[in-house]
Amino acid sequence: MSSRPAYHSQWTNQAAHGTAAPMPDEMDIFAPDASNERDLRRAFARFGTGVTVVTAQTQNGPVAMTANSFTSISLDPPLILWSPAKASKRHAAFVNATRFCVHVLAADQLPMALHFAKHGDQFDAYDWSVSAQDLPVLPHCLAVFHCETDAVYSAGDHSLVLGLVTGVNLSHSTRTGLIFADGTYGKAAPFDVP
């Protein structure tokens, strides 16, 4: 019996008549389990995202975390969601925070993303400010969402933090956004679409 997928013979017939689309890439097909966790991580990484830094205030001072698990949820009411890993040393600070800020980074802010991925309590490298709600605000971001924590849900090895947006800082800058895909950073580049 052939090990080729069922679509292969149909594609071969169409190719002979000049009607076939390009042959699909070879793919691994699997049900996620402990033996293929690395493959699952690689599959998740194929979805490119923007990059953010989330900040909050704690009793010990400001805390930050680089995150690409950010998404807008609703315009009315204005809601966003992000998901810190439970294994992070900063997890408790964020799931217990009543307020937080999400900073959308530009491509030229890669050093900021790398810094806060490792050093969540070291703000000295940046000229940050404090909002009226006592939240740490980082400079020169494409957008900043000031949020009240609406709900926190446990979801496997992460938590889902739902935020009600109470204020927005929107830059007039035309700088390109920072992107994370396939385990590496890049920048968004528009296509010329007619």
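The values are calculated or read from the model by the stated rules, or taken from the named source; none is laboratory data. All figures in this text were calculated on a predicted structure; none of them were measured in a lab. When we count neighbours, we look across all protein chains shown, and the Cβ atoms used for this are built from the backbone with ideal geometry, even at glycine. Calculation scope for accessible area: heavy atoms of the full protein, side chains included, ligands and nucleic acids excluded. Shrake-Rupley method; radii C 1.70, N 1.55, O 1.52, S 1.80 Å.
Criterion applied to Asp76, Asp121, Asp108 was being of a type outside the set (Gly, Ala, Ser), free of Cβ contacts under 8 Å to residues at least 60 places away in the same chain and more than 14 Å from Phe145 (Cβ to Cβ), and the one residue passing it is Asp76.
Answer with yes or no whether Leu162 is modelled with pLDDT of 95 or more, closer than 24 Å to Gly61 by Cα, among the aliphatic types (A, V, I, L, M) and surrounded by 16 or more Cβ atoms within 10 Å (Cβ to Cβ). Give the steps one after another, and end with the answer.
Working: modelled with pLDDT of 95 or more: yes; closer than 24 Å to Gly61 by Cα: yes; among the aliphatic types (A, V, I, L, M): yes; surrounded by 16 or more Cβ atoms within 10 Å (Cβ to Cβ): yes.
So Leu162 fits the description; yes.
Filtering region 135-185 to residues that are part of a loop (DSSP other than H, G, I, E, B) and either of a type in the set (Lys, Arg) or under 30 Å from Arg41 (Cβ atoms) (or both) leaves Leu138, Cys141, Leu142, Gly156, Asp157, Arg175, Thr176, Asp182, Gly183. For Val102, the test of being within 30 Å of His172 (Cα to Cα) and open to solvent by less than 60 Å² (accessible area, probe 1.4 Å) is passed. Counted as qualifying within region 37-88 are the strands (runs of 3 or more DSSP E) with 1 or more residues that are of a type in the set (Val, Ile, Thr) and open to solvent by less than 20 Å² (accessible area, probe 1.4 Å), namely 52-58, 61-67, 78-82.
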